[in-house]
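*Asks:* Pasting a structure below so you can have a look.
All of the numbers you see were taken from the coordinates with simple rules; none came from a lab. Everything numeric here is computed off the predicted structure, so don't read it as measured data. Note that each Cβ is placed from the backbone with ideal geometry, even for glycine, and that neighbours are counted across all protein chains shown.
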Amino acid sequence: MCIRDRQSTWGLQIYCYKEMKIAVISLVLVALAAADRPVPSWPNAFNATLIRHTVKDDRQVWIKLFYDWNQVSSRYDTYNSYIDQKGDWSLNCTTIFASDNKIWYIFPDLQQCNIEEDFSLPTIHPNWPTTVGTEYSKDTLYRGVEAELWLVNDILQPGRKLQYYVRKDNIQIPLRNQNTVVSEFEYFDFIEGPQNPSLFEIPEYCVNRTNIKCPYERTKPKTEQNEDAEVYQPNLRRAREE
């Protein structure tokens, strides 16, 4: 905003010109600083504890993520609740994105599995923010940690930007990822390093197939799934008691 020079209109013009010049230079410097920033990426291998928050029903689900790009595999363990005093995580199911691009839904308590037949999906690449398109927004404080906020292109809704927070001192460590317009992920206990290959092995009992998907409580049972629905309750208590 220009402030009128009391001496003359000419003085006002000079003042405004200088002020606009400073503003333009500041914008250019900010743009150059953003351009020099490396785009966040994931480490080649890590595991982390996640909370998935769904906006529609305001629900939180605990998830353990195991990721290893060197094995081109990832695994998501979904739990019914947080760990109890006995150390039980109450595992609901496991989703494995296998190296052959197949998706497996595994139910240990049922000793059954489901494989995605409609389509295949590979494990996400560590440089996925660059692949989908990401731009720097600002430095901020998130959960008491100095962070960078990046805006990621939503591949499901072109033109929409999703929020992605990473640690400022290590941009390979995510803090929060607005995965879609209906869900968000918070990252905790982030540990870098190779993952045990056994984590991505498909259990032998997967020869026994079911139609349900992981997590079960989010899937409305079809007519042919009624038998499974009676046995496999959302909290798995009934299955354990039997």
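*Asks:* How far, in nm, would the chain grow between residue 198 and residue 65 when pulled straight, counting 0.36 nm per residue and subtracting the alpha carbon separation?
*Replies:* Values: separation 133, 0.36 × 133 = 47.88 nm, distance 1.43 nm.
Gain in length upon complete extension: 46.5 nm.
*Asks:* Could you rank the peptides 160-166, 56-62 by their average count of other C-beta atoms within 10 Å per residue, with the highest value first?
*Replies:* Ranking, from highest mean packing down: 160-166, 56-62.
*Asks:* Give me the net charge of residue 152's neighbourhood, meaning all other residues with Cβ under 10 Å from the Cβ of residue 152; Lys, Arg count +1, Asp, Glu -1. Mind dumping the intermediate values first?
*Replies:* Values: positive: 160, 161; negative: 135, 154.
Summing Lys and Arg as +1 and Asp and Glu as -1 gives 0.
*Asks:* On to the next question. If the chain between residue 125 and residue 211 were fully stretched, how many nm would it gain, using 0.36 nm times the residue separation less the Cα-Cα distance? Display every interim value, and only then the final one.
*Replies:* Numbers: separation 86, 0.36 × 86 = 30.96 nm, distance 2.85 nm.
Separation in residues times 0.36 nm, less the Cα-Cα distance, equals 28.1 nm.
*Asks:* Provide the net charge surrounding residue 186, with neighbours chosen by a C-beta distance below 10 Å and charges set as Lys +1, Arg +1, Asp -1, Glu -1. Working shown, then result.
*Replies:* On the way: positive: 52, 143, 176; negative: 184.
Its environment carries a net charge of +2.
*Asks:* List, in the order given, every pair from 64/213; 64/161; 138/168 whose Cα-Cα distance in the structure shown is over 22 Å.
*Replies:* 64/161
*Asks:* Sorted by packing (mean other beta-carbon atoms within 10 Å per residue), highest first, where do 209-215, 189-195 land?
*Replies:* Values: 209-215: 17.4, 189-195: 13.4.
Highest-to-lowest ranking by the protection proxy: 209-215, 189-195.
*Asks:* Can you compute the modelled spin-label distance between residue 72 and residue 172, with each label point 7 Å from Cα toward Cβ, in nm?
*Replies:* 2.1 nm
*Asks:* May I ask you to order 126-132, 91-97, 153-159 by the average number of other C-beta atoms within 10 Å around their residues, highest value first? Before the final figure, lay out each step's value.
*Replies:* Working: 126-132: 15.1, 91-97: 21.9, 153-159: 11.4.
Packing proxy ranking, top to bottom: 91-97, 126-132, 153-159.
*Asks:* Count charges around residue 174 for me, please; just the other residues with Cβ under 11 Å from its Cβ, Lys/Arg as +1, Asp/Glu as -1. Provide the component values of the computation, followed by the final result.
*Replies:* Details: positive: 167, 176; negative: 148, 186.
Net of charged neighbours comes to 0.
*Asks:* Determine the shape class of the range 149-204: with a ≥ b ≥ c the square roots of the Cα gyration tensor eigenvalues, call it rounded for a/c under 1.5, and otherwise prolate if a/b is greater than b/c, oblate otherwise.
*Replies:* oblate
*Asks:* Let me ask something else. For the pair residue 140/residue 189, report the inter-label distance in nm, with labels modelled 7 Å from Cα in the Cβ direction.
*Replies:* Each label point lies 7 Å from its Cα, and together they span 2.6 nm.
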